[in-house]
Amino acid sequence: MGDPTSRLRAGYGAGSRHLIVVTAAIVLAGWVALRLAGEATAGRMLLWFLGAVIAHDLVLFPLYATADRVLRALVRHRAGNRVALLNHLRVPALASALLLLVFAPGILRLGETTHLAATGQDQHPYLARWLQLTAALFVLSALTYALRALARRRQSSGKRSERA
Amino acid sequence: MATSRPGPDAGGIDAPTSDADGYGTPRRFWRALDRHRPPGVDAADRSWRSPLRGPWLTAVYGTALLVTLPLVIVTGLLDYAAYGPRFDQAFPSDVGWLRLPTFDWPTRPSWLFRVTQGLHVTLGIVLIPVVLGKLWSVIPKLFNWPPARSLAQVLERLTLLLLVGGILFQIATGLLNIQYAYLFGFDFYTAHYFGAWIFTGAFVAHVVVKLPRLITALRSRPLGAELRTPRAATRPEPPDPDDLVAARPGPATVSRRGAVGLVGGGALLLAALTVGQSLDGPLRRTALLLPRGRQPGPGPNGFPVNRTIAAAGVRPEQTGPDWRLILRGGDRTVTLDRPGLLAMAQHTAALPISCVEGWSTRQTWTGVRLRDLAALAGVADPAAARVSSLERAGLFRTAMLAPNQVLDPDSLLALRVNGVDLSPDHGYPARVIVPALPGVHCTKWVAEIDFQGRADG
């Protein structure tokens, strides 16, 4: 408890470098918040900042985790298979969901007028393209699954004939 | 049942060494908080089943972000500099002491802005799966009890809110901006600029605090061996002080190689669907889900438009035979019509036009050199030039050009593109094109250029 360093560790819970960088980050954010407080839309910005965290941690994560649990429960009885059917469903589903998440404004046509003003074009093609990409991802995954399953069967029948 | 794993502490190098229990002052308070476990936290603790979560996987995702995010931050700040903060035309213009040293944005190489903004937007999109993977790997920490054992951990949790909120806010506003869906209802520039600073501050703090942990974690399992381990041989990592490893992990349904590959594959998929908007030729169409993967039409004017003539509110009669270009140089005023401009020495240059929204295209422009117009206005050595458009309103109806941008031999008042007249959407009768200048400052439907001399500059 003698020197300042160990007193800081005991009281604060970490060393001085931790205190400095963490405080600096909070002060910077506080300064920005004060600066933006005068803006008419400051409340909206704060809402989007905190809303983004809530949307990820308490909506998106539970959503995809639950979807995955449901999927796992559905394909569990095939767990004996050496080639995991589960992952051949998971991968295209995740890829498709990722594309929807990133390109939602176009796919869901969320900015029709601003998009038209900026580019001179409408948002028509995106939904169909996303559906086609999704279909292509699932077909590709199914083909890989079939090829892997076939290769596995050949391998095991080869082993059997060796034994015989 | 409370967890019996080692108590977490605030971070790597600064980890407490003398206090085995890790509680800060007031000790009694933190201990009481730990003891009063709300219903459900133990159930939540037991519900984490993935055997992949652990310091190694978090460190791999973290390393990818540690290497690439600084590039996104720097290219973003360069984009701000390219807008010309010296002329108060970088947004937001009033940023207090969060202002970087100002410098004249160069005109060479002409692809400079194409690269900085292309990298910023493309990399920002490509990193989304890595950010999501990283957040997945640490999400149990959100539901840990106690939330903190010391003031250090309270402050660190606050910076984590800034870190996670910051990156998600930047991703969300950026994605909506490049796809023209302004759902948020606040000024994009202001929000994205200040959001970047909040994120950067928290990012630096997080790296300083966690870097030693990251290095230890990466060393704990050799990368090569881990990437050769199949699903059947994938085992959980040993319990760690950060509580990332699940208390009761289930069997692996994916190997660590698979988890890294999944995130990497997602990043590659997004890259494949994004780079097209920075490429010319047939590859442009590969940006299937982005506005700038499409060509607005065939022919020499069939390249992406930013802001149509209709959206800009410029009426066709304003751009007809009655259109005049006014050049000002101090007291001197020169008025030119389009045939007059076409009678001047014409120069042709292949230059990219690049938008801060992450797309670019290289076209061949023909027109009068800006420096010839400056000389005609009697200001051969201008301090700046103010270019005004026929547009009535809008953030970019005027743009200031720095001396190097006026005097570059390829800086043009373009009248034609790819051998034909500019189309109305591309700025007919005349538009500015300057090497490495952001597209929005390459003013279309130019009405007036005011060359400011050194004295009145």
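Below is a table of values for the structure above.
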read-out: Acute angle (nearest 10 degrees) that the helix A:85-102 long axis makes with the longest principal axis of chain A, alpha-carbon atoms; value: 40 degrees
read-out: Spacing of the two label points (7 Å from each Cα toward its C-beta) at A:A151 and B:I215, in nm; value: 4.0 nm
read-out: Per-residue ³J(HN,Hα) for the range B:406-416, Karplus 6.51 cos²θ - 1.76 cosθ + 1.60, θ = phi - 60°, Hz, x for Gly and Pro; value: 7, 8, 4, x, 9, 6, 10, 9, 7, 10, 9
read-out: For A:D57, solvent-accessible area (1.4 Å; no DNA, RNA or ligand), Å²; value: 20 Å²
read-out: A:A37/B:D88 FRET efficiency (R0 25 Å; Cβ-Cβ; nearest 0.05); value: 0.65
read-out: For residues of A:119-130, the mean tally of beta carbons on other chains within 10 Å; value: 5
read-out: Rounded Å value of the spacing that divides the Cα centres of the range B:148-207 and the range B:130-146; value: 16 Å
read-out: Note, ³J(HN,Hα) from phi for the range A:59-76, Karplus 6.51, -1.76, 1.60, rounded to Hz, x at Gly and Pro; value: 10, 5, 4, x, 5, 6, 5, 5, 4, 5, 5, 4, 4, 5, 5, 5, 9, 4
read-out: Per residue accessible area of the protein assembly as shown, 1.4 Å probe, in Å²; value: 46 Å²
read-out: Largest-first principal axis extents of the Cα set of the range A:80-164 (Å); value: 73, 18, 12
read-out: Directionally averaged shadow of the range B:308-457, computed from the convex hull of its alpha-carbon atoms, nm²; value: 8.2 nm²
read-out: Principal semi-axes in Å for the protein assembly as shown [√(5λ), Cα gyration tensor, largest first]; value: 52, 33, 19
read-out: Exercise: per-residue mean of other protein chain Cβ atoms within 10 Å, B:293-305; value: 2
read-out: D_trans [Stokes-Einstein, Kirkwood Rh over alpha-carbon pairs] for the range B:27-272, 25 °C, 0.890 mPa s, µm² s⁻¹; value: 121 µm²/s
read-out: Distance between the range B:317-393 and the range B:41-98 - C-alpha centres, whole angstrom; value: 40 Å
read-out: Contact order relative to length of chain B, as percent, for alpha carbon pairs under 8 angstrom and 6 or more apart; value: 19 percent
read-out: Chain B pair-distance distribution - Cα-Cα, 10 Å bins, rounded %; value: 4, 18, 24, 19, 14, 10, 8, 4, 0
read-out: Residue mean of other protein chain beta carbons inside 10 Å, A:89-102; value: 4
read-out: Accessible surface ranking that places the most exposed of A:T23, B:T366, B:T348 first, with a 1.4 angstrom probe; value: B:T348, A:T23, B:T366
read-out: Relative contact order, percent, the range B:27-272 [alpha-carbon distance under 8 Å, six or more residues apart]; value: 39 percent
read-out: For peptides B:100-106, B:406-412, sequence by mean Cβ density within 10 Å, most packed first; value: B:406-412, B:100-106
read-out: Largest-first ordering by accessible area, 1.4 Å probe, given options A:R17, B:R99, B:R37; value: A:R17, B:R99, B:R37
read-out: Rounded, prolate or oblate (a/c below 1.5 giving rounded, otherwise prolate when a/b exceeds b/c) for the range B:384-457 by Cα gyration tensor; value: oblate
read-out: Rounded to 10°, Cα long-axis angle of helix B:128-138 versus longest principal axis of chain B; value: 20 degrees
read-out: Sequence ranges B:378-387, A:127-136, B:224-233, ranked by mean other-Cβ count within 10 angstrom, highest first; value: B:378-387, A:127-136, B:224-233
read-out: 0 to 90° range, to nearest 10: angle between helix B:55-82 axis and chain B longest Cα axis; value: 20 degrees
read-out: Modelled FRET efficiency - R0 30 Å, B:M344 with B:E317, Cβ distances, 0.05 increments; value: 0.75
read-out: Listed peptides B:65-75, B:171-181 by packing density, highest first (mean Cβ within 10 Å); value: B:171-181, B:65-75
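The values are calculated or read from the model by the stated rules, or taken from the named source; none is laboratory data. Owing to the predicted nature of the structure, the values given are computational and were not obtained by experimental measurement. Every residue, glycine as well, gets a Cβ built from its backbone with ideal geometry; the counts of neighbours run over all protein chains shown. Note: areas computed on protein heavy atoms with side chains; ligands, DNA, RNA excluded. Shrake-Rupley method; radii C 1.70, N 1.55, O 1.52, S 1.80 Å.
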